[in-house]
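> My questions all concern the structure below.
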Amino acid sequence: MRVQPCPASTPLRSLASALAGTALGCLFALSGASAAEVTLKAAVFVPPSTTYGIPFKRFVDHVNETGKGVLQIRIVGGPEAVPADGQAQAVRTGVLDIASIPPTYYKSVMVEGDAQILTDMTLAEQRKSGAYAALNKIAVERMDSLYLTTYGVGVPFHLYITKEMPVGGINDIKGLRFRGQPNYNAIFKHYGIAGVNIAAPEVYTALERGTVQGYGWPLWGIEDFGWEKLTKVRVDPGFYNVIVNILMNKKKYDSLDAAQRKVVDDAVVWFEQDNDKYTTDTTKATLAAQTKAGIKSVDFGPEFKKTAVDLYWDDLKKLSPDAITKLQPLLTKK
């Protein structure tokens, strides 16, 4: 016996069509919902709860608050999740979508990034001068990454002395051993200070034992390691800038739809406006905390800062003469 198909007008056919339409509608609704919200993977070069991780966490929190249902960022962790010196590469390859890292961690592929630590401009001034666009262009070419935004501008580096001794000028610290990092090498060499490579978690013990008599570190963050308990003197003026760049994989950014990009772009605008006050307030609180800890300031004069900056410009020009020569005027106030 041959089964005859139901006429189009039968209740069975109508019910089947209705069910099929409902199912298809649900499928489109579900797929639309999943496409509407994208989650980006991110890492930061230090634990997110520490001094230089907190600004990035603030950026991420703002994105996640304003981007509900559209775009979210998930911090997979700090260097324990992805080693700091591998985070830029992880962004380049797409293992991470975003990373918050200083340019020293990708200096081997983009030495020009370190020029930003020598600027005397605000971030807004760097954007206006074309410096930020120039750095972004190099990052795209070398690392397939975008410079979304930056924090740390205006937070200087310092020399700190832990040895009990009279300090009145640079000659008093010649011959001492300091824990340093690569961007201190030029100034250490110039002033006859012996730089010693020591991992940050081991510095406290080295200071306590007198293995080193001081260290180089920015204004913010010595309390993350308890170093303020051993520090006697902070040398002023500070020099350089802390620079932490928030990098994003370019292909990932380009793959976002207009609404998703708007969440990121609007967060950058908010962050750069809000971060000025955050930086001012944090610097004020840090100086007060260091004074309370008994750390004295000794002023080595403006020439000390100028020498530090000039020495590092010279070092960078040896590594990338053409690019650094073009970047220097863009990063320097007229």
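The values are calculated or read from the model by the stated rules, or taken from the named source; none is laboratory data. Since the model is a prediction, treat every value here as computed from it, not as a measurement. Cβ coordinates were reconstructed from backbone atoms using ideal geometry, including for glycine residues, and neighbour counts include every protein chain displayed.
> Please work out which residue is farthest from the chain's Cα centre (by Cα), limiting yourself to segment 171-191 and to residues that are over 17 Å from residue 310 (Cα atoms) and either hydrophobic (A, V, I, L, M, F, W, C) or surrounded by 12 or more Cβ atoms within 10 Å (Cβ to Cβ) (or both).
So the residue we want is 172.
> For the condition touching a helix residue (DSSP H, G or I) at 6+ places or on another chain (Cβ under 8 Å), part of a helix (DSSP H, G or I) and either aliphatic (A, V, I, L, M) or not assigned by TED's automatic domain parsing to the domain that holds residue 129 (or both), what is the one hit in 333, 326, 318?
326
> Can you say whether residue 318 is surrounded by fewer than 16 Cβ atoms within 10 Å (Cβ to Cβ), more than 26 Å from residue 55 (Cβ to Cβ) and either free of Cβ contacts under 8 Å to residues at least 60 places away in the same chain or among the aromatic types (Phe, Trp, Tyr) (or both), as far as the supplied structure shows?
yes
> Another question, then. I need the full set of residues from segment 82-97 which are of a type in the set (Gly, Ala, Ser) and either under 16 Å from the mean Cα position of the chain (by Cα) or crowded, with 22+ Cβ neighbours inside 10 Å (or both), in order please.
Within segment 82-97, 84, 86, 88, 90 meet the criteria.
> If you don't mind, there's one more thing I want to ask. Given the criteria in contact with a strand residue (DSSP E or B) (Cβ under 9 Å, 6 or more places away or on another chain), surrounded by fewer than 19 Cβ atoms within 10 Å (Cβ to Cβ) and touching a residue at least 12 places away in the same chain (Cβ under 8 Å), does residue 144 qualify?
Spelling it out, residue 144 is indeed in contact with a strand residue (DSSP E or B) (Cβ under 9 Å, 6 or more places away or on another chain), surrounded by fewer than 19 Cβ atoms within 10 Å (Cβ to Cβ) and touching a residue at least 12 places away in the same chain (Cβ under 8 Å).
> What is the one condition in (1) aliphatic (A, V, I, L, M); (2) modelled with pLDDT of 95 or more; (3) touching a helix residue (DSSP H, G or I) at 6+ places or on another chain (Cβ under 7 Å); (4) assigned to a helix (DSSP H, G or I) that residue 90 does not satisfy?
(3)
> What number of residues within segment 42-83 satisfy the criterion of being part of a strand (DSSP E or B) and either of a type in the set (D, E, K, R) or farther than 21 Å from residue 243 by Cα (or both)?
5
> Tell me yes or no: at least one residue of segment 96-112 is over 15 Å from residue 245 (Cβ atoms), of a type outside the set (A, V, I, L, M) and not in a helix (DSSP H, G or I).
Scanning segment 96-112, I find at least one residue that is over 15 Å from residue 245 (Cβ atoms), of a type outside the set (A, V, I, L, M) and not in a helix (DSSP H, G or I), so the answer is yes.
> Out of all the residues in segment 249-288, which are touching a Phe, Trp or Tyr at 6+ places or on another chain (Cβ under 9 Å), surrounded by 17 or more Cβ atoms within 10 Å (Cβ to Cβ) and more than 18 Å from residue 62 (Cα to Cα)?
Result: 282, 286.
> Just to check your reading of the model, which residue among 231, 279 is of a type in the set (S, T, N, Q), within 30 Å of residue 162 (Cα to Cα) and assigned to a helix (DSSP H, G or I)?
279
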